[in-house]
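Report on the structure given below.
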Amino acid sequence: MSLENKVAFLKDLEHGLSDSVTAADLSRVLTVVSDTLQHYELSISAQPCASGSTDLFDAWIAALRIQNRSEKTIALYRNTISKLLDHLAVPVRNITVYHLRAWLSKEKERGISDCTLENNRQIFSSFFGWLWREGLIEKNPVANLGAIKVQKKVREAYADVDIEKLKSVCSSPRNMAIFMFLLSTGCRISEVTALNREDLNFHDKEVVVLGKGNKERTVFFDDVTAMHLRRYLATRTDDIPALFIGKRLERLQPGGVRAMLKVLAASAGVDHVHPHKFRRTLATVLIAHGMPIQEVAAILGHDKLDTTMKYVVLDKSAVKNSYRRYA
């Protein structure tokens, strides 16, 4: 059966039934019909579907939104698959593992890192895997596309001396407040720049942030951070609701924070200064002080403990001492 015809038929069926049956019943009907159509030929008497690949792509994007994937993730997935389809210029149903291997090989020759190539492979797996599970393609071309081995890099946290160096060059109350807030809460940069002044709870020294997947979580800050936040806010004479603002009196954007940290790094003579390193530093400190990893994961907004463990930099001497004590 023509893939385009099947997609068009299922779309028309879904549209026709959407107002008369529940979502759960509609899902079951579409599944049964999709499986049944495998044994029949179907043609469209009117206008044929113009672009099967476009329909499949749009259906997958819609599924990602239903799964509550963040718009940033959806944009990345959309760009990656669009780039692949544009390059191959082959209908989705005709793409094979050999097409994907050839494309990845060319990307590697261009100097693209193994880490990026593996991320692309995982996005391919999401796209083609979803199409195969939905019965929209006969074979998943990623099934035999093995994972790309990526060399594990040692992720470092900020050393105590580097933190002190960076603090010493924070010449403005705002920069010091941002620096301490990142260090104390382990928030993502997008979460920090989205905060408003009224979000801060100075009494309990906590704040609710909106993280990935539009999930809210509570993070905490210490007394020193609270002091620097108050000092910074005391310098403000504007009525802008944003917690942190730039020189143009508008909400500070993630790029502004990165630029600020770059200047601090150059002034302090500290290498590899970036926002995400604050999350790794907080996770490492909390684990070293005995906080259960489940609680650290909750603070960082991780659903999986494996993700949190990637953030923790283990002290080799501490591991050795623990071995001597317990072995």
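Throughout, read-outs are computed from the coordinates displayed, never taken from laboratory work. Just so it is clear, the structure is predicted and the values come from calculations on it, not from any experiment. Don't worry about glycine lacking a Cβ; one is built from the backbone with ideal geometry, like all the others, and counts go over all protein chains shown.
Output the relative contact order of segment 160-323, whole-number percent, from Cα pairs under 8 angstrom with separation of 6+ residues. Don't skip to the end; give the middle numbers.
On the way: 192 pairs, mean separation 42.9, N = 164.
Worked out over segment 160-323, it gives 26 percent.
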_Label-point gap, in nm, between residue 291 and residue 222 - each point 7 angstrom along Cα→Cβ_ = 1.1
*In nanometres, what is the gap between the two model label sites at residue 73 and residue 168, each 7 Å from Cα along Cα-to-Cβ?*
4.2
*For each pair in 139/310; 167/310; 167/205, compute the distance between the two Cα atoms and list the pairs where it is over 28 Å.*
139/310
*Is segment 73-202 best put as rounded, prolate or oblate by its Cα gyration tensor, with a ≥ b ≥ c the root eigenvalues, rounded for a/c under 1.5, and otherwise prolate when a/b is larger than b/c, oblate when not?*
prolate
_At 7 Å along Cα-to-Cβ for each site, give me the label-to-label distance between residue 199 and residue 160 in nm._
3.2
*What is the dipole size for segment 160-323, taken about its Cα centre, with +1 at each Lys and Arg Cβ and -1 at each Asp and Glu Cβ, in debye to the nearest 20?*
520
*Arrange the peptides 283-289, 57-63 so that the one whose residues have, on average, the most other Cβ atoms within 10 Å appears first.*
283-289, 57-63
*Net charge near residue 96: determine it from the other residues with C-beta under 13 Å of the C-beta of residue 96, scoring Lys and Arg +1 and Asp and Glu -1.*
+2
_Net length gained if the chain between residue 235 and residue 138 were fully extended (0.36 nm per residue, minus Cα distance)_ = 28.6 nm
*residue 272 to residue 310: extension gain in nm, 0.36 nm per residue of separation minus the Cα-Cα distance?*
11.9 nm
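Assign one of three labels to segment 131-221, namely rounded, prolate or oblate, based on the Cα gyration tensor with a ≥ b ≥ c the square roots of its eigenvalues; rounded applies when a/c is under 1.5, prolate when it is not and a/b is larger than b/c, and oblate otherwise.
oblate
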*Efficiency of FRET from Cβ geometry, residue 28 and residue 259, R₀ 51 Å, rounded to 0.05*: 0.45
_Greater than 30 Å separation of Cα atoms is the criterion. Which listed pairs, 106/277; 212/247; 149/277; 165/304, meet it?_
106/277; 165/304
